[in-house]
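Inspection log for the structure reproduced underneath, given as C-alpha cells.
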C-alpha cells in the first residue's frame, strides 16, 4: 500500500532572493485545528553558514498553502544550545498548547549537502579535545519549545543527552498511564551494551516533558530498504487498533523511504504490526533531485475526514504532501503483525 502524492506537489518551494528561505524549504510539521492546517517548515538561505529557520504557512484544504509571515517565526537563539540552527520540527497539541520538538546545533552546520564538515564553523577555542563533544563536533541535540499561536514562543530547553548526537525526537500527543512518551534516535547508542547494531528508534518516558528516562530500544532496522538506520518521522496518531507511527529508513545507497508501524495503545514499547515495504519512496524529480538526492522525509501528519495527510520534504529542498485513507493503512498494517 502506497501514499498518493498530491498533483500540486511541491506545495511550497524556495523563494528566490529571500534572506532566509531562498535555498530550501522542507521537512514540514503540521497541525489541524478543525478549520485550518498550519505548516511549520524548515527553511534556509543560500549562504556559506547555512543557518536554518522555521517558516509558517496555512491552508483550509490541506493542499494549497499560503505563507503567513514574511519573516521566520522561529530561529536559532542568540547564545543557547540551539544558536547554530533549528531543524525538522514535529508538533503535538496538548490542551491549548503546541509543543514542538526540533533538532539543533550549537554552531551553524554549513553546507552539509556540499560535503562541508559540520565542524567548519566551530570557533577555534572549542576545537580543543578538552571541549565538550557537543561543541567540538557540532553534534545535534533535540530541543523543546511551546507556543499557543506559532508567533510567541517559549524555549523549554534541550531534552536529549548532552553527550550523544540525538535527533528525530517526537512526543506522543497525550499521556499514557500518567507518563509522557517520546521516540528519538541516538546515533551512537549501538553495540551489545545497547542491544542494537545500527541507529534505531528508542522510546523514553517522562513525568514533566523535560527529564526523560527509562530509555529502551523500540525498533531496529529489519528490512533491506532500511538496512543502515531508522528514525521516527511523524507524531503518533491514536487509532482504535493502536498508535500509528510513520518512520524513515535509509538503505546502503542512502535512499530515504517511509515506513509504518502500529504500537500498543497502553504499552507503546510494544510494536503490534510493521509493514515490510515502504509506503513512500523517491520517485519524482522533486524527490530524486535537490540538495540531497533521493529523500522523502516526513515530519508532520494530520487526519481530515478519515484521510491521513502526510507532509514531507523532497530532496531536502521542497515541501510536499501525500494522502491515504487512515483505516485502509491500519487494516493493511494488521496483516503484518509482529
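Summary of values
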item: Subset of segment 65-84 (residues that are crowded, with 18+ Cβ neighbours inside 10 Å, over 21 Å from residue 16 (Cα atoms) and in contact (Cβ under 8 Å) with a residue 40 or more places away in the chain); result: 81, 82, 84
item: Hits in segment 309-338 (condition: more than 16 Å from residue 233 (Cα to Cα) and part of a loop (DSSP other than H, G, I, E, B)); result: 317, 338
item: Subset of segment 28-64 [part of a loop (DSSP other than H, G, I, E, B), touching a strand residue (DSSP E or B) at 6+ places or on another chain (Cβ under 7 Å), in contact (Cβ under 8 Å) with a residue 60 or more places away in the chain and over 15 Å from residue 105 (Cα atoms)]; result: 62, 63
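Values in this text are rule-based calculations from the coordinates and carry no lab data. Not measured: the values here are computed from a predicted model. No Cβ is skipped: glycine too gets one built from the backbone with ideal geometry, and neighbour counts run over all protein chains shown.
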